[in-house]
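Data first, discussion second: the structure below is written as structure tokens.
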Amino acid sequence: MMIQKENMIIRSVTNIALDTIEMVLENTYISKTAIPGQFLHAAIEGHTLRRPISIADIDQEKETITILFKILGKGTEKLATYQPGMTFDALGPSGNGFQVDNTRATYLLIGGGIGVPPLYYLGKTLAEKKCNIVSILGFQTEENVFYEERFQALGKTFIVTNDGSYGETGFVTDIIEKAGHFDSYFSCGPVPMLKAITSKLPTKPGLISLEERMGCGVGACMACVIPSADGKGYQKICSDGPVFHAQEVSL
Amino acid sequence: MMIQKENMIIRSVTNIALDTIEMVLENTYISKTAIPGQFLHAAIEGHTLRRPISIADIDQEKETITILFKILGKGTEKLATYQPGMTFDALGPSGNGFQVDNTRATYLLIGGGIGVPPLYYLGKTLAEKKCNIVSILGFQTEENVFYEERFQALGKTFIVTNDGSYGETGFVTDIIEKAGHFDSYFSCGPVPMLKAITSKLPTKPGLISLEERMGCGVGACMACVIPSADGKGYQKICSDGPVFHAQEVSL
Amino acid sequence: MTNLAVRLPGLELKNPIMPASGCFGFGREYSSFYDLGKLGAVIMKAATGTGRLGNPTPRVAETASGMLNAIGLQNPGVEKIIENEVPFLGAYDTCIIANIAGSTLEEYEKVASTFNETNLVHALELNISCPNVKEGGIQFGTDPSLAQAVTEIVKKASKLPVYVKLSPNVTNIVEMAKAVEAAGADGLSMINTLTGMQIHLPSRKPLIANKTGGLSGPAIKPVAIRMIYEVKQHVDIPIIGMGGVSNAEDVLEFLLAGASAVAVGTANFSNPYVCPEIIDALPETLERYGFNSVEEAIGKGIMSV
Amino acid sequence: MTNLAVRLPGLELKNPIMPASGCFGFGREYSSFYDLGKLGAVIMKAATGTGRLGNPTPRVAETASGMLNAIGLQNPGVEKIIENEVPFLGAYDTCIIANIAGSTLEEYEKVASTFNETNLVHALELNISCPNVKEGGIQFGTDPSLAQAVTEIVKKASKLPVYVKLSPNVTNIVEMAKAVEAAGADGLSMINTLTGMQIHLPSRKPLIANKTGGLSGPAIKPVAIRMIYEVKQHVDIPIIGMGGVSNAEDVLEFLLAGASAVAVGTANFSNPYVCPEIIDALPETLERYGFNSVEEAIGKGIMSV
Ligand SMILES: Cc1cc2nc3c(=O)[nH]c(=O)nc-3n(C[C@H](O)[C@H](O)[C@H](O)COP(=O)(O)OP(=O)(O)OC[C@H]3O[C@@H](n4cnc5c(N)ncnc54)[C@H](O)[C@@H]3O)c2cc1C
Ligand SMILES: Cc1cc2nc3c(=O)[nH]c(=O)nc-3n(C[C@H](O)[C@H](O)[C@H](O)COP(=O)(O)OP(=O)(O)OC[C@H]3O[C@@H](n4cnc5c(N)ncnc54)[C@H](O)[C@@H]3O)c2cc1C
Ligand SMILES: Cc1cc2nc3c(=O)[nH]c(=O)nc-3n(C[C@H](O)[C@H](O)[C@H](O)COP(=O)(O)O)c2cc1C
Ligand SMILES: Cc1cc2nc3c(=O)[nH]c(=O)nc-3n(C[C@H](O)[C@H](O)[C@H](O)COP(=O)(O)O)c2cc1C
Ligand code: FES
Ligand code: FES
């Protein structure tokens, strides 16, 4: 689907965890066309560069898109002050999302922190295709945990916190054994987590979603690259990705 | 009165003429201390420099300050989007205002365009001191005219438009003869207008209010100077002015 | 009717607006937003002799009213550009300007002469702001005699008009401009980015992997205007102006300062439609300030003429 | 307890924050907002040999995340400053740095030696970015040998430590820094403003009456950080950093780049309380990024050390 510049109308703004905001946005074009793993490239007043934010959920009937974001710097801080009724513009649907062909298989979703959001829309889509879903969601500490019940509604869900303040203690990789059998996995989170996962699961088919600082967000400026696994070139995260086969890129 | 940095709460925003906004602001300190001719130095989001805006009226009981401004560039355009309930910070009361010692005299107020606002608070103050007030207000065209009735409530008022679309035709200086006797005058408006007035009234005592692009607005940076009449130095409009004796500065 | 057309060496521009090099790739991505035939011209991403992978990431950072970039000339090399990219752009009714870069005089020469092989490119933009590996890290863009040398070689190698793109990181921009004019440049293009840096507090390191990056965007506009204004008074060749342009009023400011056409870089990232929006707004903006054509406004802000 | 103190030649700073020259007058106006004794130091407005009236107006313009100024060294002259201004500032528990300027070597010498007459000034900041009338418009600040000459003369004339304030409008900032270090400078102060221009569309003229002005504010911070980072690796004398600082995180960025103290200019205009607010926020900011003192952070962002 072609990227367009769309006007997003804010319908609700909810603080769902420490410094973590859920925003429901209304927009026809993007709600009708986006697939899991794609993102919005949001214009924030007073900022030169747009901010990439994953699509965490879509309600095609209500024509709404849910995003979840963490207040990290000046841009997300500003976005968090926006109120229902206000609008901002976003490019979208941006990037290549999670392509899911097989149905009725078992999938493992592994999310870390603010990498969790895109997995929710993916999980919902897989559930609609009657897939079996197991989720492992890692957070730093109890205050950061969000969307536990929503993932539980999709299938067995493990919450891990680094400090053990909630759920299991440790890292997502410590739990993979407990997850039982799965056919392939989908993961999104910080690069060290993705590295640990891909090296723990060298032979499993998997799709991972990556982050990098972006300029254009449409594939024109070469800002957001990641070396290909073959060492022969780069992939652009904004347009070739953000979702890649685990073995396609060199983390 | 010392300048302070104050939080201004917007109580109302009204479009009173073409691209001309009246804003009523609530603030205790400035409403209690400002005199006519002083200004607010308003911080506008996204702008490095503050914008000087005259105090057009004060209601000491309600603790409100009225400002009137014309949308000219990016800063005033932004300020015009602010809604009641929102706040901005301003330095104030800034500058030296109109000092009025004599009571029961006859004063001529001569305002041009967006130079009219400070004369209204001055006129009201003079009226309270039982002075006789005659006003000449010049505007470019009918669409720009504002505050006619308010000035009429203070005394005889002439409206002049450059194109004759409303009131008398021509420039404020064309009307001064019709204004009859007056003891001294107060004027605010574009420099060519002030020049025409001071050269037409070389011997009358008069106070004029000047404009210049400002940096600090408090007298520290030397951005806003005007040569003294004696050619020996500069006066700072933000702190020595904006109100000067007509013969004190070299326009 | 306000006339937007501008005629420059090799370039019959229907309007003075073109995306700046490196901010528009080879046009493909933006062609899904609008018809590239609307543009006066397109300046392509830098071409080097052979393909380059560019710098490690992060390659960009945001700054106040601007950004830093250190892409590092990632490009597939001049031959692949001619083969795979130029024909795509050539299908649009717009002028094509090829930005050329290199590490050595020989590489510049090769890139310039290779562009003779296509008839679809209208002019070269000679990017002299990249580090010169051979000469020990000195930049062609900061030494007038090196700038002169590379301009002469490229002029000799190419059949196309050459616009030399000046770096603002110099003490004396007029001296640089005069040097490349003397070497035969058909035009100037200015300014490239100012060298800057941002330090990432949590990691205590320069945020850009390359440490320094080029500052672009509205933050640098006053520097661009000043340099164009200064240079215009001392050279006779036309200037393509750039640096922080984001609306039609900015374009007029560049024209008044002495630019004959205007490139738009960083603003494409904020708004992919910025170029056609500027083109649409330009007639009204020119009229509002009393101009009937783009050409009428060029250099009109210069007080000594 | 986070230690904010910094010890520099002639300056025992209780904290590293000081208003930048020209943005704070001689302190009087800001003394009604807060106790100037809170400041690490105050850098006064430039002093010249005799009083100067400065440039015609407009003297300032707003730019994206910055401003242009061309005040033109308006000041009452060094003697009146010592008589009327220094004693006022001297009553506060803070260090005083006198910014000195001139059109000729003789004027610099005179201003520097005149400051020997007061015991209240702790250091000189030698402003070498003003046009040198005698030498035909060349700036002391852009020619290393002229910079060296003026530094040597001022060092000889003064009993005070001398911080040379570098202009960023140069091709090679390291060369300038080394030249003044070799000439005996006790420290550096950087950066001064970038030369810029804005054209006023309705009048079609440069908005600033002086045509060009100095660009300051957040827009130039990346250039300041880059230059400090580069210079710090090549000189042994301390650097007072400045250019776009508006909060405590900016201060830490300057410290990491290699500054030992930080001056705040334009931000005073946006917020007259900015200096004490930064001082109050600094301990928490340093702690958040793992530092127990200001001195610990100095130069820690430099990757090669
Ligand atoms: C494809 C993609 C999807 C993302 N989805 C989400 C999401 O659903 N929820 C969420 O909270 N975050 C998400 N992120 C990360 C998010 O983009 C950054 O947290 C955000 O840009 C930070 O902006 P800031 O202004 O708060 O931070 P600042 O540090 O002030 O930003 C400065 C600049 O750096 C960029 N930047 C900083 N951190 C990152 C980062 N981690 N990734 C990319 N650019 C960065 C900013 O976009 C901006 O250009 C996603 C990133 C990518 C690439
Ligand atoms: C003492 C004083 C009182 C004023 N009172 C009023 C008032 O009551 N109502 C009103 O409408 N206007 C008033 N003005 C003028 C008002 O300050 C400017 O119209 C306003 O600053 C323009 O800002 P802008 O962002 O819209 O324009 P821009 O052109 O975008 O502003 C760019 C910069 O130039 C400055 N600037 C532009 N025009 C002027 C000007 N005429 N005077 C001073 N600075 C200027 C701005 O403050 C800003 O720093 C007053 C000016 C002064 C000095
Ligand atoms: C991401 C990015 C990549 C760039 N790549 C090039 C390039 O390859 N060649 C070149 O001459 N200039 C390059 N530039 C500089 C721009 O063409 C332009 O000169 C500069 O950004 C100033 O314009 P702006 O402020 O409108 O962006 C690049 C700029 C950016 C932001
Ligand atoms: C209005 C104004 C006046 C200035 N006057 C002087 C001066 O007299 N001497 C000097 O060395 N620097 C002067 N400067 C430069 C500042 O001291 C400082 O180096 C520069 O503004 C960068 O810092 P900033 O971005 O925090 O403003 C002046 C700057 C401004 C904005
Ligand atoms: S952000 Fe420009 S190519 Fe990805
Ligand atoms: S604005 Fe700074 S002295 Fe008036």
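The values are calculated or read from the model by the stated rules, or taken from the named source; none is laboratory data. Please read all numbers here as calculations on a predicted model, not as lab measurements. Methodologically, a virtual Cβ is constructed for each residue, glycine included, from the backbone with ideal geometry; neighbour enumeration extends over all protein chains shown. Remember, those area values only see protein heavy atoms, side chains included, never the ligands or the DNA or RNA. Shrake-Rupley method; radii C 1.70, N 1.55, O 1.52, S 1.80 Å.
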At 7 Å along Cα-to-Cβ for each site, give me the label-to-label distance between residue B:74 and residue B:19 in nm. 1.7
10 Å beta-carbon shell around residue D:205, net charge (K/R +1, D/E -1): +3
If each part is reduced to its alpha-carbon centroid, the stretch B:13-77 and the stretch C:174-221 end up apart, in Å, by 41
Taking 7 Å along the Cα-to-C-beta vector as the label spot, tell me the residue B:101-residue C:119 distance in nanometres, rounded to one decimal. 8.9
Could you give, in nm with one decimal, how far residue C:175 is from each other copy of that position, shortest first, with labels 7 Å out from Cα toward Cβ? 0.8
Alpha carbon centre of the stretch A:159-180 versus the stretch B:88-163: separation in Å? 73
Per residue, how much accessible area does chain A have with a 1.4 Å probe, in Å²? 41
Placing +1 on each Lys and Arg Cβ and -1 on each Asp and Glu Cβ in chain D, then taking the dipole about the Cα centre, the residue among D:146, D:191, D:19 whose Cα reaches farthest towards the positive end is D:146
Which log10 I(q)/I(0) values does the protein assembly as shown give at q = 0.05, 0.07 Å⁻¹ under the Debye formula, counting every alpha carbon as one identical point scatterer? -0.36, -0.72
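May I ask for the percentage of alpha-carbon pairs in the stretch C:1-125 that lie more than 18 Å from each other?
Across the stretch C:1-125, Cα pairs with separations above 18 Å total 55 percent.
Counting only protein heavy atoms, what percent of the accessible surface of the stretch B:106-211 is carbon or sulfur at a 1.4 Å probe?
Numbers: 2210 of 4300 Å².
Its accessible area is 51 percent carbon and sulfur atoms.
What number results when the radius of gyration of the stretch A:170-251, computed over Cα atoms, is divided by 2.2 N^0.38 Å? Don't skip to the answer; put the middle values down first.
Values: Rg = 13.6 Å, N = 82, 2.2 N^0.38 = 11.7 Å.
That ratio works out to 1.16.
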Residue list for the stretch A:189-210, given a label point 7 angstrom along the Cα-to-Cβ vector of residue A:229 and an amide N cut-off under 17 Å: A:194-210
Starting from a label point 7 Å past Cα on the Cβ side, list the distances from residue C:79 to the same position in the other copies, nm, shortest first. 7.8
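What net charge do the residues around residue C:68 carry, taking every other residue with its C-beta under 12 Å from that of residue C:68, with Lys and Arg at +1 and Asp and Glu at -1? Kindly include the intermediate steps, with their values, before the conclusion.
On the way: positive: A:213, C:59, C:211, D:221, D:226; negative: C:62.
Every neighbour counted, the sum reads +4.
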Amide H neighbours of residue D:195 under 5 Å, at least 5 residues apart or on other chains, H built in the peptide plane: list them. D:215
Quick one: with all protein chains in place, what share of the accessible area of the stretch B:58-102 is carbon or sulfur, to the nearest percent (1.4 Å probe)? 44
So if R0 is 35 Å, what FRET efficiency would residue D:50 and residue D:92 give, r being the distance between their Cβ atoms, rounded to the nearest 0.05? 0.80
Cut-off 14 Å between beta-carbons: net charge of the residues surrounding residue D:159, Lys and Arg +1, Asp and Glu -1: -1
Binned at 5 Å from 0, what are the whole-percent values of the Cα-Cα distance distribution for chain B, short to long? 1, 6, 14, 19, 20, 18, 13, 7, 2, 0
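Please compute the contact order of chain B in relative form: average sequence separation of alpha-carbon pairs under 8 Å and at least six residues apart, divided by the residue count, as a percent.
The normalised contact order for chain B reaches 18 percent.
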State the percentage of accessible surface on chain C attributable to carbon and sulfur atoms; use a 1.4 Å probe and exclude ligands, DNA and RNA. 49
Would you calculate a helix-derived [θ] at 222 nm for chain C, using -39,500 (n - 2.57) for each DSSP H run of n ≥ 4 and dividing by the full residue count, to the nearest 500? -8000 deg cm²/dmol
If one takes the accessible area of chain D alone plus chain B alone and subtracts that of the pair, with a 1.4 Å probe, what total in Å², rounded to the nearest 100, results? 2300
Give me, ordered by chain and number, the residues 5 or more places off residue D:20 or on other chains with an amide H under 5 Å from its own placed amide H. D:264, D:265
Counting only heavy atoms of the protein chains, get the accessible area per residue of chain C (1.4 Å probe) and round it to a whole Å² value. 32
Whole-Hz Karplus couplings 3J(HN,Hα) for the stretch A:175-189, θ = phi - 60° and coefficients 6.51, -1.76, 1.60, Gly and Pro as x, run 9, 3, 4, 5, 6, x, 6, 8, 7, 7, 10, 10, 9, 8, x
From zero outward in steps of 20 Å, how is the percent of C-alpha pairs of chain D spread across the bins? 36, 60, 4
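Can you tell me how the stretch D:1-54 classifies by the Cα gyration tensor, rounded, prolate or oblate, using a/c under 1.5 as the rounded cut?
Details: a/c = 3.57, a/b = 1.69, b/c = 2.11.
Oblate, because a/c is 1.5 or more while a/b does not exceed b/c.
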Among the DSSP beta bridges whose two residues both lie in the stretch A:158-251, what percent are antiparallel, rounded to the nearest 5? 55
Take the Cα atoms of the stretch C:176-305, find their three principal axes, and give me the spread along each one in whole Å, biggest first. 54, 37, 24
Nearest-to-axis residue of chain A, judged by beta-carbon position, where the axis maps A onto B, in Å: A:46, 3
Taking a ≥ b ≥ c as the square roots of the Cα gyration tensor eigenvalues, with a/c under 1.5 meaning rounded and otherwise prolate when a/b beats b/c or oblate if not, the stretch B:156-213 comes out oblate
Interface area, C with D, accessible, probe 1.4 Å, both sides summed, Å² nearest 100: 3600
In whole Å, what are the extents of the stretch A:106-211 along the principal axes defined by its C-alpha atoms, from largest to smallest? 34, 29, 27
Estimated FRET transfer efficiency when R0 is 56 angstrom, pair residue B:191-residue A:150 (beta carbons, to 0.05): 0.30
To one decimal in nm, how far is residue C:288 from the same spot in the other copies, if labels go 7 Å from Cα toward Cβ? Please give the shortest first. 3.9
Between residue B:32 and residue D:281, how many nm apart are label points set 7 Å from Cα along the C-beta direction? 2.9
Relative contact order for the stretch B:4-94 using alpha-carbon pairs under 8 Å, separation at least 6, rounded to a whole percent? 41
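Averaged over D:252-264, how many beta carbons belonging to a partner chain fall within 10 Å of each residue's beta carbon? Could you put the intermediate results ahead of the total?
Details: counts 3, 6, 1, 1, 6, 4, 1, 0, 0, 0, 0, 0, 0.
Per residue, the number of nearby Cβ atoms from other chains is 2 on average.
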Accessible-area loss of at least 50 Å² (1.4 Å probe, chain alone to full protein assembly) applies in the stretch C:169-186 to C:171
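So what is the diffusion coefficient of the stretch A:4-94 in µm² per second by Stokes-Einstein at 4 °C and 1.567 mPa s, using a Kirkwood Rh over Cα pairs? Let's see the in-between values first.
Details: Rh = 12.8 Å.
Estimated via Stokes-Einstein, D reaches 101 µm²/s.
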What is the total of Lys pairs in the stretch B:4-94 with C-alpha atoms under 26 Å apart, excluding same-chain pairs fewer than 8 positions apart? 9
